[in-house]
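Notes follow once the structure below has been shown.
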């Protein structure tokens, strides 16, 4: 819809209880992301990157503040509503792949389509062919290399052509050469499907490939 940001974050804060009282993980964040942008969230370990990603995806709830995705207020929804929204509009790529070990590559990619009640086999097969795995459709994750598993993860993330893609250290479990190939593939798919990409990374070279960077320091925005 014209004029609607992909993401709007307003006064977003997250505190948790610890031995000394309240620990502030994120403090009063405000920013927007336009449709089609690629944004890297950077910062040192413990700066709040993964917590922010979890809040943006509605996988965690804030102490204070709002997150709107595609104009929808995430935390005005209940948990089931957020899950339904993610299933329709959000793709995920994780460092540790999160493939189901008892499903083949094809079945892993079919799963989000099946859960949405959509035709699954042909789109999933086409997506795996697009990421170069047409010869591995019936292989289980344990028989695939790390790079192949991440390709399956990318195929699963993009098979529904999500409006938003959240990627959490997507090359963290891969060697440098394989990681570079995965990133090239992810950015190629992001551009092809006109997705909005939010990438959490400590790799500044990778972050520089995004159109913008958001740096966190001790739970606050640096820029």
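The values are calculated or read from the model by the stated rules, or taken from the named source; none is laboratory data. On a predicted model such as this, the values are computed, not experimentally measured, just so you know. Here the Cβ is made from the backbone with ideal geometry for all residues, glycine too, and neighbour counts use every protein chain on show.
Criterion first (out of contact with any helix residue (DSSP H, G or I) (no Cβ under 9 Å at 6 or more places or on another chain), at pLDDT 95 or above and not in a loop (DSSP other than H, G, I, E, B)) does residue 32 satisfy it? So residue 32 fits the description; yes. When residue 67 is tested against the conditions (1) under 23 Å from residue 203 (Cβ atoms); (2) surrounded by 20 or more Cβ atoms within 10 Å (Cβ to Cβ), the lone failure is (1). Of all residues in the range 130-152, those that are surrounded by fewer than 17 Cβ atoms within 10 Å (Cβ to Cβ), over 15 Å from residue 96 (Cα atoms) and within 22 Å of the chain's Cα centre (by Cα) total 1. For residue 83, the requirement of being at pLDDT 90 or above, surrounded by fewer than 18 Cβ atoms within 10 Å (Cβ to Cβ), out of contact with any strand residue (DSSP E or B) (no Cβ under 6 Å at 6 or more places or on another chain) and not in a loop (DSSP other than H, G, I, E, B) is met. Restricting attention to the range 113-129, does a residue exist that is in contact with a strand residue (DSSP E or B) (Cβ under 8 Å, 6 or more places away or on another chain), surrounded by fewer than 21 Cβ atoms within 10 Å (Cβ to Cβ) and either at pLDDT below 95 or under 25 Å from residue 54 (Cβ atoms) (or both)? No, the range 113-129 contains no residue that is in contact with a strand residue (DSSP E or B) (Cβ under 8 Å, 6 or more places away or on another chain), surrounded by fewer than 21 Cβ atoms within 10 Å (Cβ to Cβ) and either at pLDDT below 95 or under 25 Å from residue 54 (Cβ atoms) (or both). Tell me which residues, restricted to the range 191-209, are farther than 20 Å from residue 54 by Cα and in a loop (DSSP other than H, G, I, E, B). Listed by number, the residues that qualify are 193, 194, 208, 209. Would you check if residue 120 is without any contact (Cβ under 8 Å) to a residue 12 or more places away in the chain and closer than 22 Å to residue 86 by Cβ? Spelling it out, residue 120 is indeed without any contact (Cβ under 8 Å) to a residue 12 or more places away in the chain and closer than 22 Å to residue 86 by Cβ. Can you give me the number of residues within the range 49-68 that are over 13 Å from the mean Cα position of the chain (by Cα) and not in a loop (DSSP other than H, G, I, E, B)? Matching residues across the range 49-68 total 5. Test residue 58 against the criterion of being modelled with pLDDT of 90 or more and touching a helix residue (DSSP H, G or I) at 6+ places or on another chain (Cβ under 8 Å), and give yes or no. Yes.
Taken over the range 1-29, the criterion of being in contact (Cβ under 8 Å) with a residue 12 or more places away in the chain, part of a loop (DSSP other than H, G, I, E, B) and either more than 20 Å from residue 85 (Cα to Cα) or touching a strand residue (DSSP E or B) at 6+ places or on another chain (Cβ under 6 Å) (or both) is satisfied by 5, 6.
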